[in-house]
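Undergrad: This is the structure, below, for whatever I ask next.
Read-outs throughout are calculated quantities, based only on the coordinates presented, and are distinct from any laboratory measurement. Not measured: the values here are computed from a predicted model. Positions of Cβ are generated from backbone atoms using ideal geometry, with glycine treated the same way; all protein chains shown enter the neighbour counts.
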Amino acid sequence: MNVLSKIAGEDSWSVAGRTFSSRLIVGTGKYKSFEQNAAAVEASGAEIVTVAVRRVNIADPKQPMLTDFIDPKRYTYLPNTAGCFTAEDAIRTLRLAREAGGWNLVKLEVLGEAKTLYPDMIETLRATEVLAKEGFEPMVYCADDPIAAKKLEDAGAVAIMPLGAPIGSGLGLQNQVMIRIMVENARVPVLVDAGVGTASDAAVAMELGCDGVLMNTAIAEAKDPVLMARAMKAAVEAGRLAYRAGRMGKRRYADPSSPLAGLI
Amino acid sequence: MVYDDTLSITVNGQHRRVLKGITIADLALELGLEPTRVAVERNLEIVPRSTLGQTKIDDGDDFEIVTFVGGG
């Protein structure tokens with residue numbers, strides 16, 4: 001096997017029995033237009049997109065729809081429960097999502113309060129238990145809490161998705177130590193969901209050993225979302241390669257790269 | 001109380017009157033929606049898409065009709 005084919009070689013990941021080559025999941029909110037949204041998804045190389053479930057607009061039913069621009073046959077739609085603050089609301093939303101889409105893979109998020117959008121782990125765990133019993137495959141947005149993550153796994157979460165910083169904040173990973181501990185202990189994929197602001201943040205998540213990264217605002221609110229989507233694709237790939245390569249050890253002082261022997 | 005040939009229902013929080021005897025699929029079409037692109041909940045119970053065409057609307061039914069929109 002030559003060097004380049006080894007690098008490009010199979011490095012897919014699987015969640016709930018489905019295999020993907022892209023480790024970047026992108027949201028579809030906050031874009032200026034459906035066209036821009038579709039172009040950014042294309043540039044990101046993502047195979048999974050998150051979507052929300054909302055009432056149809058009865059006053060204007062002929063408005064263009066997301067599915068007209070981002071083909072659910074080409075991309076795996078991952079319906080979310082954004083805006084749900086109780087297990088009951090989240091479960092109700094995902095039952096509707098399953099009927100609308102016809103698949104079981106979903107993103108569960110149960111929020112604690114509006115200012116931080118921090119997850120309510122007690123409600124999240126309750127919802128995970130119910131959803132798993134009903135045959136759902138929930139990928140679960142959660143706190144950077146390895147014990148809660150373990151309980152989610154036991155309850156049937158097919159992926160653990162801790163926040164790196166508050167949703168939509170773009171602050172980057174504020175909890176690298178906890179994310180790494182979660183990665184080391186999980187038996188299911190771990191994805192950073194929320195907090196990424198720019199490409200280096202996505203690379204950091206991947207260098208910590210995460211299986212993937214989920215983001216929306218970092219791309220949608222960039223000055224040029226399509227260019228940022230491409231940057232995120234490169235960053236996720238670079239971070240993953242660096243993780244696989246295994247980084248050098250850190251030293252407190254310098255160590256010359258040129259030989260000391262033979263100095264004139 | 002039903003006084004005429006119409007039923008009083010709620011769709012996505014809004015009151016509405018529809019003709020007696022129509023199905024949920026008929027309602028979706030009346031609203032300008034494609035039944036294949038939405039999910040319907042009636043009185044907090046999911047109505048399977050395959051049964052929308054057979055399920056008759058009852059007076060007082062409370063419907064939520066949803067679809068996928070952009071989100072993170």
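Undergrad: So, in the range A:128-160, how many residues would count as being surrounded by 22 or more Cβ atoms within 10 Å (Cβ to Cβ) and either basic (Lys, Arg) or assigned to a helix (DSSP H, G or I) (or both)?
TA: 4
Undergrad: Does A:ASP255 satisfy the condition of being under 20 Å from A:LYS32 (Cα atoms) and surrounded by fewer than 21 Cβ atoms within 10 Å (Cβ to Cβ)? Steps first, please.
TA: Working: under 20 Å from A:LYS32 (Cα atoms): no; surrounded by fewer than 21 Cβ atoms within 10 Å (Cβ to Cβ): yes.
The answer is no for A:ASP255.
Undergrad: Please list, ordered by first then second residue, the pairs with beta carbon atoms under 8 Å, 6 or more apart or interchain, first in the range A:232-251 and loosely packed, with under 10 Cβ neighbours inside 10 Å, second of a type outside the set (Lys, Arg).
TA: Partner pairs satisfying both residue conditions: A:ARG247/A:GLU207.
Undergrad: Restricting attention to the range B:11-66, report how many residues are more than 10 Å from every other protein chain (Cβ to nearest Cβ), at positive phi and in contact (Cβ under 8 Å) with a residue 40 or more places away in the chain.
TA: Final tally of qualifying residues: 1.
Undergrad: A further question on this structure: Identify the residue in the range A:200-221 that is in a loop (DSSP other than H, G, I, E, B) and surrounded by 19 or more Cβ atoms within 10 Å (Cβ to Cβ) and, among all such residues, is farthest from the chain's Cα centre (by Cα).
TA: We begin by selecting, within the range A:200-221, every residue in a loop (DSSP other than H, G, I, E, B); these are A:208-211, A:216, A:221.
Still in the running and surrounded by 19 or more Cβ atoms within 10 Å (Cβ to Cβ): A:208, A:210-211, A:216.
Details: A:LEU208: 14, A:CYS210: 10, A:ASP211: 9, A:ASN216: 9 Å.
Taking the candidates together, the pick is A:LEU208.
Undergrad: Same structure again: Is there a residue being in contact with a helix residue (DSSP H, G or I) (Cβ under 6 Å, 6 or more places away or on another chain) and either part of a loop (DSSP other than H, G, I, E, B) or not polar (S, T, N, Q) (or both) anywhere in the range A:243-261? Spell out how you get there, then give the answer.
TA: Here is the first cut: in the range A:243-261, the ones in contact with a helix residue (DSSP H, G or I) (Cβ under 6 Å, 6 or more places away or on another chain) are A:243.
Subset that is either part of a loop (DSSP other than H, G, I, E, B) or not polar (S, T, N, Q) (or both): A:243.
Scanning the range A:243-261 turns up at least one residue that is in contact with a helix residue (DSSP H, G or I) (Cβ under 6 Å, 6 or more places away or on another chain) and either part of a loop (DSSP other than H, G, I, E, B) or not polar (S, T, N, Q) (or both).
Undergrad: Would you pick out the residues in the range A:163-199 that are of a type in the set (A, V, I, L, M, F, W, C), over 21 Å from A:PRO79 (Cα atoms) and not in a loop (DSSP other than H, G, I, E, B)?
TA: Hits for the range A:163-199 are A:VAL177, A:MET178, A:ILE179, A:ILE181, A:MET182, A:VAL183, A:ALA199.
Undergrad: Here are some residues: A:ASP120, A:ASP89, A:ASP144, A:ASP71. Which one is acidic (Asp, Glu) and under 20 Å from A:TYR31 (Cβ atoms)?
TA: One residue alone meets the criteria, A:ASP71.
Undergrad: Working only within the range A:102-117, note down all residues that are assigned to a loop (DSSP other than H, G, I, E, B) and not aliphatic (A, V, I, L, M).
TA: Passing the criteria: A:GLY102, A:TRP103, A:ASN104, A:GLU109, A:GLY112, A:GLU113, A:LYS115, A:THR116.
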